[in-house]
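Worksheet: one structure, shown below.
Coordinate-derived values only; no laboratory data. Computed from a predicted model, the values in this text were never measured in an experiment. Here Cβ is always computed from backbone atoms with ideal geometry, including for glycine, and neighbour counts include all displayed protein chains.
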């Protein structure tokens with residue numbers, strides 16, 4: 001069954017690269033970039049899970065995807081002149 | 001037999017993730033990208049369940065539970081930001 | 001147990017087919033509200049069917065799978081509702097064939113009522 005996990009890992013790598021390409025295009029607004037970084041971090045935690053490390057995956061999902069995204073949006077709504085949309 | 005069906009299910013879920021990635025790359029407004037993010041998260045919950053079935057390890061389901069919680073929190077935070085700024 | 005295995009596998013394939021249909025709708029639908037509908041309803045049903053199939057394949061995991069399913073049922077419609085509301089308030093583009101917008105009607109009615117009371 002390890003072929004299944006290998007195929008899932010390759011697909012997740014493709015999706016991570018796509019999400020990162022969304023983030024680095026010029027002229028992109030800040031909330032989209034934060035969302036893309038959250039998506040990359042979420043899929044990275046699935047990669048950790050496929051490497052048979054469920055505890056690392058849980059920590060990465062909670063901190064990298066949940067807390068960091070929340071913190072970025074919180075700060076962005078407090079910063080003067082932060083762009084919307 | 002069951003392994004073949006699990007492979008087929010994983011292929012279908014992967015196709016769904018690819019469609020959602022296309023919408024995430026294209027999506028004209030921010031809410032489109034948030035919907036694509038939600039769909040990718042839910043499809044990865046399904047992928048985690050399939051991986052748990054393939055590896056016969058129950059501990060993977062805890063990660064799926066954390067994922068369900070996190071997709072909800074993330075979408076709520078982003079929606080409140082888009083609405084009036086947290 | 002061969003019946004359980006077969007039923008579980010078929011439920012897995014049915015659930016992921018609904019996931020694929022949701023993804024296809026997310027790609028093909030014309031505006032954001034249709035995409036929200038395709039992207040959350042179909043994927044909720046698909047994930048629930050997949051969890052049921054996994055419960056048929058591994059009956060000892062049924063409690064944890066049921067917990068995930070209950071959580072999805074509670075949280076997914078709520079997040080899609082909030083998202084549609086945020087999209088409406090941020091003035092997302094509607095497709096040309098949209099004829100009914102009750103939220104905007106309610107909002108304009110409430111605004112005129114407020115102005116009437118104030119004046």
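Points worth noting:
- Computed over the protein assembly as shown, the Cα gyration tensor eigenvalues convert (square root of 5λ each) into semi-axes of 35, 21, 17 Å, ordered from largest to smallest.
- Between segment B:60-82 and segment C:55-96, the Cα center-to-center distance that results, in Å: 10
- Each part gets one Cα centre, and for segment A:1-56 versus segment C:10-45 those centres are 21 Å apart.
- In degrees, nearest ten, helix B:60-84 long axis to first principal axis of chain B (Cα): 10
- For C:96-105, mean number of other protein chain Cβ atoms within 10 Å: 0
- Tensor-based shape of segment B:2-84 (alpha-carbon gyration tensor, a/c under 1.5 rounded, otherwise prolate or oblate): oblate
- Percent RCO, i.e. relative contact order, over segment C:2-118, from Cα pairs under 8 Å lying at least 6 residues apart: 28
- Rounded tilt (10° steps) of C:2-28 against the dominant C-alpha axis of chain C: 30
- Shielding value for C:33-41 is 4, the average number of Cβ atoms from other chains within 10 Å of each residue's Cβ.
- Segment A:2-78 shape via C-alpha gyration tensor axes, a/c threshold 1.5: oblate
- Helix A:2-23 and the longest principal axis of the Cα set of chain A meet at an angle near 10°.
- Gyration tensor (alpha-carbon) shape descriptor, chain C, a/c threshold 1.5: prolate
- The packing ranking, built from the mean of other Cβ atoms within 10 Å per residue, places the peptides B:55-66, A:16-27, B:19-30 in the order B:19-30, B:55-66, A:16-27, highest first.
- Dividing the summed -39500 (n - 2.57) terms of all DSSP H runs of n ≥ 4 by the residue count of chain B sets its mean residue ellipticity at 222 nm at -31500 deg cm²/dmol.
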